[in-house]
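These notes concern the structure reproduced below.
The values are calculated or read from the model by the stated rules, or taken from the named source; none is laboratory data. As the structure is a computational prediction, the values presented were derived from the model and not from experiment. Because the Cβ atoms are built from the backbone with ideal geometry, glycine has one as well, and the counts that use them run over all protein chains shown. For accessibility, only protein heavy atoms count, side chains too; no ligands or nucleic acids. Shrake-Rupley method; radii C 1.70, N 1.55, O 1.52, S 1.80 Å.
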Amino acid sequence: MKLAMCSLKNNPAVCVESDARWFNFTEGFAVYQSLRGDDSSPPLASTNDMIARGLLNKAAISEALDALSDAGRLDGCEIAEPSEYLVPIRAGKIVALGRNYAAHAEELGNEIPGEPMLFCKSPSICIADGKDILLRESYGRVDFEGELAFIVGKKATDIRAEDAREYIAGYTLLNDVTERDMQAVAKKKGHPWFRAKNLDTFCPLGPVITLAEDMPWPVHVNIELQVNGETRQQSNTSLFIFDIPTMLAFITRFMTLDPGDIVTTGTPSGVAPIHPGDRIELTVPEIGTLTNSVASISG
Ligand code: ZN
């Protein structure tokens, strides 16, 4: 089961894919509420709403879809496969792992870290599937970094690695676009990489969220990134240096993760520069393909 934020007739809506059919779940949930005689709850405006109301899970969504089906109201909520995705969730924070595949650490001449190496990306720079990554003429080398990301489903403080699965609501794709020259200068000076990782539009996210119940556990999935149809990154998340339970336990030992927060798991080897006009496609088969083009702007 997949969830997305989509623009339907210019209005944002939560959309759900179940058994290869897509539904307008914002509309469906309103019908479901009225079927239950509930006219006091506000409408479901976003995936953030769903997470806040404990609905971002397969059981809750299935219950609503089943009730609609039983009442003969499900077909009325069916839509064509969405063509215009929005950012799938507005994260409170995005925690990123650096150097989490040995081959990627080696290609940039970095040591393999002894513990997870973390930085943050600002949720405000996220762009949806189909939107352009914008490069200013003044930027230096800018690289793609295709990554699997997960969405925290409930407040997580000091959690044990063996309990990690129950804290994850779903998975999506994230391109950790990076200005490599700014990063190199920062590294040399011993400064944080914040700017190199947080230029506007440098965080494509989506297109959909695959619910945690529909991902394998442990999460060993193929990940591939193509530029203009040519494969540039190809790996499997079983090659993580630190697996998802380890990263979740490590992070929550010093910082609480809240529902809707995102953790992005690091990029495999093959990073390379992007240029205006490039088309970047990041794929994990269990999720889909995140597609963004690159455009230049002055300044
Ligand atoms: Zn990265």
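Among residues other than S293 with Cβ under 13 Å from its Cβ, the summed charge is -2 (Lys and Arg +1, Asp and Glu -1).
Proximity of backbone amide H atoms, modeled 1.01 Å from N, is registered between R136 and I297 at under 5 Å, excluding neighbours fewer than 5 places apart on the same chain. In this calculation the C-beta distance from R36 to R279 is compared with R0 = 45 Å, giving a FRET efficiency of 0.50.
Using the alpha carbons alone, the radius of gyration of the range 2-79 stands to its Kirkwood radius in an Rg to Rh ratio of 0.92.
Dipole check for the chain: with +1 at the C-beta of Lys and Arg, -1 at the C-beta of Asp and Glu, and the Cα centre as origin, the magnitude is about 1020 Debye. Note on the range 13-153: semi-axes of the ellipsoid equivalent to its C-alpha gyration tensor, largest first and rounded to whole Å, are 39, 17, 14. Inter-label distance, S298 to K154: 5.4 nm, where each label sits 7 Å from its Cα along the C-beta direction. Placing unit charges on each Cβ (+1 for Lys and Arg, -1 for Asp and Glu) gives the chain a dipole about its Cα centre, and among L282, M247, V208 the Cα reaching farthest toward its positive end belongs to M247. Here the extension length gained between D66 and S7 equals 18.8 nm, from 0.36 nm per residue of separation less the Cα-Cα distance.
Helical runs (DSSP H, four residues minimum) scored at -39500 (n - 2.57) apiece and divided by the length of the chain put the mean residue ellipticity at 222 nm at -5500 deg cm²/dmol. How much net charge surrounds W22 when only other residues with a Cβ under 11 Å from its Cβ are counted (Lys, Arg +1; Asp, Glu -1)? That sum, taken over residues with Cβ under 11 Å, equals -2.
Surface composition of the chain: carbon and sulfur make up 47 percent of the accessible area, probe 1.4 Å. For K154, the aspartates and glutamates whose Cα falls under 14 Å of its own Cα, not counting residues fewer than eight places away in the same chain, are D49, D163, E166, D258, D261.
The C-alpha atoms of the chain occupy a region whose extents along the principal axes are 63, 44, 30 Å, arranged from largest to smallest.
Available extension along the chain between R73 and S238 is 55.2 nm, counting 0.36 nm per residue and deducting the alpha carbon span. Annotation note: chymotrypsin sites (Phe, Trp or Tyr not before Pro) in the range 1-75 located in DSSP loop regions with a Cβ neighbour count of at most 16 within 10 Å are absent.
One decimal place: the segment E106-S83 gains 4.4 nm when fully extended, by the rule 0.36 nm per residue minus the C-alpha distance. Averaging the inverse of every distinct alpha carbon separation and then flipping it gives the Kirkwood radius. What is it for the range 248-299, in angstrom units? After inverting the pairwise mean of 1/r, the radius is 14.6 Å.
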